[in-house]
Amino acid sequence: MGKNDFQRLLEPVAIGSMTVKNRVMMPAMGTRFPAPGHWITDQSVSYYAKRAEGGVGLIITEGTCVDEPLGLSGGPRQLCIDGDQFIPGLRRVAEAVHAHGGKIAVQLHHAGPNTHFEGASPVAPSPIPMLNRPQEIPRELSREEIRGIVKKFALGAKRAKQAGFDAVELLCAHGYLLNRFLSPHANRRKDEYGGGTANRVRIIQEIVQSIQVEAGRNFPVICKVPGNDYVEGGIVPEESVAICQILEKSGVSALVVSGGSSEAIFAHNAPMGFPQAWQVHLAEKVKKNVRIPVVAMGKIKHPQVAEEILRDGKADMVAMGRALLADPDFVVKVERNEMGSIIPCISCNYCFERIVDGGKPLGCAVNPLTGREYDTRIMPALRSRKVLVVGGGVAGMQAAVMAASRGHDVTLMEKDKNLGGQLLLAAKPPDKEEMGALTTYLIGQLVKNQVKMKRGEKATREVVERINPDVVVAATGALPLFLPISGAESDMVISSWNALLSPERLGECVVVIGGGLVGCDVACFIAALGKSVTIVEQLDNVALDTGSATRKFLLQKLKGKNIAIVLKAFAQKIDREGVTYRQNGETKVLSADTVVLAVGSRSNRELLDVLGNARMEVVAIGDCVAPRKVAQANAQGFDVGIRL
């Protein structure tokens, strides 16, 4: 496809008095880049500037608190705009984005009962707790407090305009304060702010009107609204339309239609297995009933999909979040017709898990540069060296690509015929096919950067010495672990790897020992073959080694596939009767034709051992150092590749 095939995606669009150069929006995403005290950092400025440089038309900042500390969701590293002291730092962000021709809006944010700030007293329209935090009963806001919050939103917009921003966005979705006012489930008030739809929208109308007073009627106000809360008794599409029509009449310039939250049956950051553009139908329904621009979102990752949404009239813009974390140059690559060079988002939610589950700054599993734009530069090598990378998994391929892109003479050797390593296994379970996109991308980059590839050849010491490289990068991966129990070596026992590679070896009744992410994925794979599956796990729950959003979806899948789960169970013996295990002091037996071990992996250090006294430089990366996940292996390969 050429540039003309993305005519709608690349054409300008007007939002109130603001003209955006194309129809790609980067939605608000938390970063934890600000310094303690809510101060803008070089890391923040560079992060936003890079997306603008990459061609994004309109950027929405991360949620920016209008009422610290009650309105905080991200603690001391969340942006704030509730004081004039924040204007100079925010101005740096606006100027950096404008320098690349982009537009930028501040997302004005109040967490309400969804605050995660330690010591805060959550507030809400009614004392209804979040479904995922039932022990925290928020305090009901008084009318006077509501008027104070309205004023704080308006003053936040005024400061945004003073800092040079082009617009503001009100976060009215995802379980935060304004969403709680809109929701019939969460808003049980008996006064003018509760009851029917018109009353529940009132606070947002008052905010918009107050912004028009403080920042001027020509300063665009965008609202991010819930197309569907996915919460029983919450907002459904029909009511979302009614809300949006009221907001349009109130002077809102555009609507971003989202859905879901941390308490909903569906999170808004859909993991692998959710279809691409899964929430676009919500935006389409709104667009049919309003005249102002409507923005669709929900796992929109491919330019062809984005173009079709716009061309079919389902929305006026597309919001692409994780796709722009994976590749900030997404739009520029579309303009240049370089679709094969777009780094693919694999919907792994590593970005979300770092922030929400780990309390760490934003990062991306497939793009190690995300969050490091301010202090990492890829420079040509001072002198070209002969580099041999052994191992064609993610760490090895990334190291080879980066080293070759800097001018080194690189050979990649892989003992198997196919490149990809454990990525090939990871893509086999149901709903995990997106993992394969990273393999495809990296292979394309190997070809683009003229990496010589030797497949189906094992790197012995003799082979390495014959090639005579200056540097050997060992990326030989890992091997599956086996249980040190009786019967673990019998022919009825196979590793999770072999279960995925050779499903014909599986019997009709299968026991999977190990209930981590791998064990659960393998169990889903086996169940999809029509076989009976039971997971045996030592801990008190399964999939505890994955993030909250991914885990929620995975548990639903396990239940839907009728996969039995035995917890706090310690396998003791495997024989023809099945698996003998101890649980709560009792010895029990599970029948099994096949037992699959998903109990972890161990580093493959064979090459490192044989090259122990070699004269050449040897660098070890990836799982052969210690078993790790895709993000860590990819980052280590990248770092070695830019240092050689």
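The values are calculated or read from the model by the stated rules, or taken from the named source; none is laboratory data. Please read all numbers here as calculations on a predicted model, not as lab measurements. Neighbour counts run over all protein chains shown; Cβ positions are idealised from the backbone, glycine included. Just the protein is used for accessible areas: all its heavy atoms, side chains included, with ligands, DNA and RNA removed. Shrake-Rupley method; radii C 1.70, N 1.55, O 1.52, S 1.80 Å.
Reachable lysines from Lys559, Cα under 25 Å, same-chain residues fewer than 8 places away excluded?
Partners within reach: Lys299, Lys428, Lys432, Lys531, Lys568, Lys588.
Among 192-204, 355-367, how do they line up from the highest to the lowest mean number of other beta-carbon atoms within 10 Å? Please list the in-between numbers first.
Details: 192-204: 17.8, 355-367: 19.4.
Top of the packing list down: 355-367, 192-204.
Using the charge dipole of the chain (Lys, Arg: +1 at Cβ; Asp, Glu: -1 at Cβ; taken about the Cα centre), state which of Leu506, Phe570, Leu544 has its Cα farthest towards the positive end.
Leu544
Mind putting a number on the dipole of segment 364-514 about its Cα centre? Charges go on the C-beta only, +1 for Lys and Arg and -1 for Asp and Glu, and I need it in Debye to the nearest 20. All intermediate terms of the calculation are to be shown ahead of the outcome.
Details: 18 positive and 16 negative charges, 167 e Å.
Charge dipole of segment 364-514: 800 debye, to the nearest 20.
For the chain, give the share of DSSP beta bridges that are antiparallel, in percent and rounded to the nearest 5; count only bridges with both residues there.
Looking only at bridges with both residues in the chain, the antiparallel portion is about 20 percent.
When the helix-only estimate is applied to the chain (DSSP H runs of n ≥ 4, each -39,500 (n - 2.57), divided by the residue count), what is the mean residue ellipticity at 222 nm, nearest 500 deg cm²/dmol? Numbers along the way, then the final one.
Numbers: 20 runs with 202 residues, N = 644.
-9000 deg cm²/dmol, from helical runs alone.
Could you rank His408, His268 by how accessible they are, 1.4 Å probe, largest area first? Walk me through the numbers before you get to the answer.
On the way: His408 10, His268 65 Å².
Of His408, His268, the descending order of accessible area is His268, His408.
Evaluate the charge dipole of the chain about its Cα centre and quote only its size in Debye, nearest 20, assuming +1 on the Cβ of each Lys and Arg and -1 on the Cβ of each Asp and Glu.
Working: 77 positive and 67 negative charges, 173 e Å.
I would put it at about 820 debye.
Amide H to amide H under 5 Å from Ser486: which residues, 5+ apart in sequence or cross-chain, H placed 1.01 Å off N in plane?
Residues meeting the criterion, in which the H sits 1.01 Å from N, are Ile574.
Could you rank Asp470, Asp521 by how accessible they are, 1.4 Å probe, largest area first? Walk me through the numbers before you get to the answer.
Details: Asp470 70, Asp521 15 Å².
Accessible-area ranking of Asp470, Asp521, largest first: Asp470, Asp521.
Looking at the square roots a ≥ b ≥ c of the eigenvalues of the Cα gyration tensor of segment 308-357, which shape do they give, rounded for a/c under 1.5, prolate if a/b is larger than b/c, or oblate?
On the way: a/c = 2.81, a/b = 1.40, b/c = 2.02.
Cα axes put segment 308-357 in the oblate bin.
What list of ³J(HN,Hα) couplings, whole Hz, do you get for segment 93-109 from phi and the Karplus terms 6.51, -1.76, 1.60, once you set θ to phi - 60° and write x for glycine and proline?
Karplus values, whole Hz, x for Gly and Pro: 5, 4, 5, 5, 6, 5, 4, 10, x, x, 10, 9, 10, 8, 7, 7, 9.
Quick check for you: with a 1.4 Å probe and neighbouring chains kept, what is the accessible area per residue of the chain, in Å²? It would help to have the intermediate numbers written out before the result.
Values: 25280 Å² over 644 residues.
So the chain comes to 39 Å² accessible per residue, rounded to a whole number.
Would you work out the charge dipole size for segment 573-630 about its Cα centre, treating the Cβ of every Lys and Arg as +1 and the Cβ of every Asp and Glu as -1, and quote it to the nearest 20 debye? Provide the component values of the computation, followed by the final result.
Numbers: 9 positive and 8 negative charges, 34 e Å.
Dipole about the Cα centre, nearest 20: 160 debye.
What are the residues whose amide H is under 5 Å from the amide H of Glu62, where those residues sit 5 or more places off or on another chain and H is modelled from the backbone?
Hits under the 5 Å cutoff: Met29.
Could you report the accessible area of Ser46 in Å², rounded to 10, computed with a 1.4 Å probe on the protein chains as they sit in the structure?
Roughly 30 Å² of Ser46 is accessible to a 1.4 Å probe.
Which percentage, to the nearest 5, of the DSSP beta bridges contained in segment 20-117 is antiparallel?
Values: 1 of 10 bridges.
Of those bridges, close to 10 percent are antiparallel.
Under the rule a/c < 1.5 gives rounded, and otherwise a/b versus b/c splits prolate from oblate, where does segment 544-616 land using the Cα gyration tensor?
On the way: a/c = 2.91, a/b = 1.57, b/c = 1.86.
Note, shape of segment 544-616 comes out oblate.
Stretch Gln304-Cys509 to full length: gain in nm at 0.36 nm per residue minus the Cα-Cα span? Intermediate results must be reported in sequence, preceding the final value.
Details: separation 205, 0.36 × 205 = 73.80 nm, distance 4.29 nm.
Computed gain between Gln304 and Cys509 is 69.5 nm.
Cα-Cα over 20 Å: which of Lys224/Lys249; Lys301/Lys448; Lys417/Lys458; Lys417/Lys629; Lys249/Lys288? Can you show the working numbers first?
Values: Lys224/Lys249 16 Å; Lys301/Lys448 22 Å; Lys417/Lys458 11 Å; Lys417/Lys629 23 Å; Lys249/Lys288 15 Å.
From the list (Lys224/Lys249; Lys301/Lys448; Lys417/Lys458; Lys417/Lys629; Lys249/Lys288), the Cα-Cα distance tops 20 Å for Lys301/Lys448; Lys417/Lys629.
Among Ser46, Gly102, Leu131, which residue has its Cα positioned farthest towards the positive end of the charge dipole of segment 41-143, with +1 placed on the Cβ of Lys and Arg, -1 on the Cβ of Asp and Glu, and the dipole taken about the Cα centre?
Gly102
Once you have a ≥ b ≥ c as the square roots of the Cα gyration tensor eigenvalues for segment 280-383, tell me rounded if a/c is under 1.5, and otherwise prolate or oblate according to whether a/b is larger than b/c.
On the way: a/c = 2.93, a/b = 1.63, b/c = 1.80.
Here segment 280-383 falls in the oblate category.
Give me the net charge for the shell around Gly259: Cβ to Cβ below 11 angstrom, other residues only, Lys and Arg +1, Asp and Glu -1.
Working: positive: Lys224; negative: Asp229.
Net charge in that neighbourhood comes out at 0.
Tell me the relative contact order for the chain as a rounded percent, counting alpha carbon contacts under 8 Å between residues six or more apart. Don't skip to the end; give the middle numbers.
Working: 1496 pairs, mean separation 71.2, N = 644.
Computed over the chain, the figure is 11 percent.
Please name whichever of Val256, Asn289, Tyr193 sits farthest to the positive end of the charge dipole of segment 183-342, dipole taken about the Cα centre and charges placed at Cβ: Lys and Arg +1, Asp and Glu -1.
Tyr193
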